[in-house]
Structure formats: C-alpha cells, structure tokens
Amino acid sequence: MIGLVRDKLGDPSCGNGFVLDGFPRTVPQAEELAKVLVERHISLDCVINFQVSREDVLRRLTGRRSCQKCQATFHLDFSPSKVSEICDRCGAHLFSAATINEMPSKPACESMMNRRPL
Ligand SMILES: [Zn+2]
C-alpha cells in the first residue's frame with residue numbers, strides 16, 4: 001500500500017494537494033508515510049478524525065443499493081430509487097451492497113471505534 005501512495009504522491013495530479021482517505025490505518029503505515037513525506041518534502045496541513053456511531057455506520061452501509069446491470073447506486077435514506085428496489089435508470093432489481101452478515105461485529109466495530117488516532 002505504501003508503494004501505491006509513494007507513487008501517487010509523485011504524480012503531477014497531487015502537485016496542488018491531496019487527501020488520503022482511510023490511510024494510514026496502522027502505526028507502521030503511518031511511520032512509512034512519514035518517511036515518504038520527508039523524502040518528498042511534503043508537510044500535512046491537517047488530519048481529520050471522524051467519529052461515527054456504530055448505528056450510523058450500519059445505517060449507511062446497509063442502506064446502500066446498487067444495480068448490477070448499469071452500476072447505478074442508491075441509498076434507502078439518502079438517495080432512494082423512485083420504485084423500491086428497482087433501478088431508476090434501467091429497471092433492473094437493485095442489490096444490497098452489503099448485508100447485515102457482512103457488517104463488522106459489535107466488538108469489532110467498537111474496537112475500531114475505540115482506536116486512538118494515529
Ligand atoms: Zn440499472
């Protein structure tokens with residue numbers, strides 16, 4: 001992963017800035033990132049640590065719907081299709097992007113949520 005980040009940070013598209021979303025996730029990744037930033041003479045302007053309840057995470061994840069035919073995406077609460085479970089674009093049935101069984105367990109979720117910021 002750090003190789004991808006290192007390569008991307010050297011890309012001209014990052015010349016005016018960049019956002020790392022979900023990276024680094026571990027202390028070793030943070031240490032590797034720090035080395036890359038020093039090598040490239042880059043300093044971070046800010047770090048944002050979102051704190052979201054387990055209930056909100058589950059609501060967002062379980063509400064996602066997608067169309068396997070045309071790839072359109074919906075959300076039951078934030079961007080619902082006009083007809084329940086039917087794609088607005090092509091009329092195909094929508095599928096849940098994640099089922100409740102794929103959600104992190106409560107202990108796993110709490111463990112993730114109780115991590116200290118890097
Ligand atoms: Zn569709």
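The values are calculated or read from the model by the stated rules, or taken from the named source; none is laboratory data. On a predicted model such as this, the values are computed, not experimentally measured, just so you know. Here the Cβ positions follow ideal geometry from the backbone for every residue, glycine too, while neighbour counts run over all protein chains shown.
Taking region 52-98 as the range and being more than 20 Å from the chain's Cα centre (by Cα) and within 26 Å of Gly22 (Cβ to Cβ) as the test, the residues that pass are Gln68, Leu94.
Rundown of residues vs (1) at pLDDT 90 or above; (2) out of contact with any strand residue (DSSP E or B) (no Cβ under 7 Å at 6 or more places or on another chain); (3) hydrophobic (A, V, I, L, M, F, W, C), yes/no style:
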| site | (1), (2), (3) |
| --- | --- |
| Glu32 | yes, yes, no |
| Leu37 | yes, yes, yes |
| His41 | yes, yes, no |
| Leu58 | no, yes, yes |
| Ser84 | yes, yes, no |
| Cys87 | yes, no, yes |
| His93 | yes, no, no |
| Ser111 | no, yes, no |
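Taken over region 25-48, the criterion of being over 17 Å from Pro12 (Cα atoms), charged (D, E, K, R) and either touching a residue at least 60 places away in the same chain (Cβ under 8 Å) or surrounded by 10 or more Cβ atoms within 10 Å (Cβ to Cβ) (or both) is satisfied by Arg25, Glu31, Glu32, Lys35. In region 53-92, the qualifying residues are those that are touching a residue at least 24 places away in the same chain (Cβ under 8 Å) and near the ligand (Cβ under 9 Å from one of its atoms), and the one that is surrounded by the fewest Cβ atoms within 10 Å (Cβ to Cβ) is Gln68. Just checking, which of Asn16, Asn49 is in a loop (DSSP other than H, G, I, E, B) and over 21 Å from the mean Cα position of the chain (by Cα)? Every option except Asn16 fails the conditions. So which residues in region 16-65 are under 30 Å from Phe95 (Cα atoms) and aromatic (Phe, Trp, Tyr)? Passing the criteria: Phe23, Phe50.
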